[in-house]
Amino acid sequence: MSQSLQLLTPNPTFSFPHHPSPKPIFHSYSPIISKSNLSLRSQHHPPPSHSAATDLASIEVDAVTETELKENGFRSTRRTKVVCTIGPATCGFEQLEALAVGGMNVARINMCHGTREWHKMVIERVRRLNHEKGYAVAVMMDTEGSEIHMGDLRGASSAKAEDGEIWTFSVRAFDSTLPEHTINVNYEGFAEDVKVGDELLLDGGMVRFEVIEKIGPDVKCRCTDPGLLLPRANLTFWRNGSVVREKNSMLPTISSKDWLDIDFGISEGVDFIAISFVKTAEVINHLRSYIEARSPNSDVALIAKIESIDSVKNLEEIIQVADGAMVARGDLGAQIPLEQVPATQERIVQLCRQLNKPVIVASQLLESMIEYPTPTRAEVADVSEAVRQRADALMLSGESAMGQFPEKALTVLRSVSLRIERWWREQKQYETIAQPSIGTSHSENISEEICNSAAKMANILEVDALFVFTKTGHMASLLSRCRPDCPIFAFTTTPSVRRRLNLQWGLIPFRLSFSDDMETNLNKTFSLLKARNLIKSGDLVIAVSDMMQSIQVMNVP
């Protein structure tokens, strides 16, 4: 990997036909260039060859993104990504295509619900959608976890608990269907551990009950906060104002069912596995070792779900070893005081960005849209805050899995994200580009400096796009971490890397075959993108690469 210093002049100046000369700006970068021994070039490339321009099949970009770029230009692209949970409301091929058209970047399958055969069907349909329609939708498999949760609801998709109703929570195995107003609990010690007067929170507190009587394996409870009960929702119980966590802390993070589901996910080639109720970093390390032994060629990314007191306590060490994190606010809000959830969310988002790990803000973003076509204004404000915090992605759960208006919910996330991002740019509220150094080697430190400098130059010069050629996705991730004002065109040779990059902020992933020669790569890329009307002559771009550590500033020929 070349790190040689190649400057056109001792103190390089630059000339851009469609932009004022930024000569003073680049003098300020000289210390960085000399310190890191980098190559910084500004040049006008010769016209691309005819053969390269005709090779349209050698580049792949998401169909929706391509349309947005053509119709609205670079600055219109949405930077915040969207994860959609797939369920009965959205599992058909046409419904999945509608979500992809609406801006879904990642399809999430929740192993708490449905059979493996059903999930396999969804995965196959997403892959078919990508292949036939030109999308790059990634697949995320979410494990159930071994925390205490309720069972199914006599085959129903949901049930309504009304204020004052008496319900029975039981650990018994019923031979026939469940009696009315009865809920199975998966934890055999539940009836012994719970006490009269305890408060039960289901699905992160969406429904609440008070324990009024214990009769053998049955626990009688009165509904105090009515709401919708969903199958296999998590259950926590509080006593004297504090969550009772001793039993949950003794349960394994990955259950026997989870291990079978993980085997299924590996065999189906999912892009991400989200691990529920991660308590320590050791859980992630153990799972990673298992996957490496089970499937040495697997490049599945592991997402740690932060949704318990233990995960918050061990937050930094968990995020350091995981490939990303999810702020699962529903269950998290059932284990910590509600008023602490917003600050905890912001802390997780900031830490993930510092450690260069994508972060998803999830749970109850647009909860009312499960039943209603319009969100509450408070929900819109909540979404706006997550976008303002620069989270990589927002996630729809019940809104897209079983809601009555999944496409409208997705439209809300997309439109709010675009508006907040545009406002941010209009106000020129750029954040500090440089983040704490995370490199563990000299080469990694150089890559960080290159990306920090490229992002800073992109903001100051108001370039149209950043180009990054990456085989592993690492350099693209470092650029995303900087949150530059312009979109990032990430070119990679591997379809799986392209799909994983689709989760990260600001990245527009392309699949492109390229060599180690940057001149050839740029000429080929310019030809292909111009032929598809994605760029035009005169556009100003900055290009970086993990093959040759350099920064190149140029106008498209």
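The values are calculated or read from the model by the stated rules, or taken from the named source; none is laboratory data. On a predicted model such as this, the values are computed, not experimentally measured, just so you know. We place every Cβ from the backbone using ideal geometry, glycine too, and count neighbours over all the protein chains shown. Heads up: the accessible areas ignore ligands, DNA and RNA and are worked out on the full protein's heavy atoms, side chains in. Shrake-Rupley method; radii C 1.70, N 1.55, O 1.52, S 1.80 Å.
Tell me the relative contact order for the stretch 159-250 as a rounded percent, counting alpha carbon contacts under 8 Å between residues six or more apart.
Relative contact order here is 33 percent.
Just the number, please: carbon plus sulfur as a percent of the accessible area of the stretch 159-250, 1.4 Å probe, no ligands or DNA/RNA counted.
Ligands and nucleic acids excluded, carbon and sulfur reach 45 percent.
Once every DSSP H run of n ≥ 4 in the chain is given -39500 (n - 2.57) and the sum is divided by its residues, what mean residue ellipticity at 222 nm do you get, rounded to the nearest 500 deg cm²/dmol?
-11000 deg cm²/dmol
Quick one: of the DSSP bridges fully inside the chain, what percent are antiparallel, nearest 5? Walk me through the intermediate numbers first.
Working: 37 of 88 bridges.
The antiparallel fraction comes to roughly 40 percent.
Quick check: the angle from helix 442-461's long axis to the longest principal axis of the chain, C-alpha only, nearest 10 degrees?
80
In the structure displayed, which of 279/357; 195/220; 257/357; 160/195; 120/257 lie more than 21 Å apart, Cα to Cα? Provide the component values of the computation, followed by the final result.
Working: 279/357 18 Å; 195/220 11 Å; 257/357 27 Å; 160/195 24 Å; 120/257 16 Å.
In this structure, 257/357; 160/195 lie more than 21 Å apart at Cα.
State the percentage of accessible surface on the stretch 354-478 attributable to carbon and sulfur atoms; use a 1.4 Å probe and exclude ligands, DNA and RNA.
52
For the stretch 306-337 and the stretch 191-223, write down the distance between their C-alpha centroids in whole Å.
25
Suppose all protein chains stay in the model; what accessible area per residue would a 1.4 Å probe give for the stretch 159-250, in Å²?
About 49 Å² of surface per residue is accessible.
Place a point 7 Å from Cα of residue 381 in the direction of its Cβ. Which residues in the stretch 321-353 have their backbone N less than 19 Å from it?
Residues passing the 19 Å test: 338-346.
How big is the C-alpha Rg of the stretch 159-250 next to the rule-of-thumb value 2.2 N^0.38 Å, as a ratio?
Taking the Cα Rg and dividing by 2.2 N^0.38 Å, one obtains 1.00.
Using only the alpha-carbon atoms, how far is helix 341-354 inclined from the longest principal axis of the chain? Give it as 0 to 90 degrees, nearest 10.
30
Rounded to a whole number of µm²/s, how large is the Stokes-Einstein D of the stretch 250-330 at 20 °C and 1.002 mPa s, given Rh as the Kirkwood radius over C-alpha pairs?
This corresponds to a translational diffusion coefficient of 168 µm²/s.
Limiting things to C-alpha atoms, what are the Rg and the maximum Cα-Cα separation (Dmax) for the chain, in angstroms?
Rg and Dmax of the chain, Cα atoms, are 25.2, 86 Å.
With θ set to phi - 60°, apply the Karplus curve 6.51 cos²θ - 1.76 cosθ + 1.60 along the stretch 78-84 and write out the HN-Hα couplings as whole Hz, x wherever there is a Gly or Pro.
These are the phi-based 3J(HN,Hα) values: 6, 8, 7, 8, 10, 9, 10 Hz.
Give me the 1.4 Å probe accessible area per residue for the stretch 287-432, excluding ligands and nucleic acids, in Å².
Accessible area per residue, the stretch 287-432: 41 Å².
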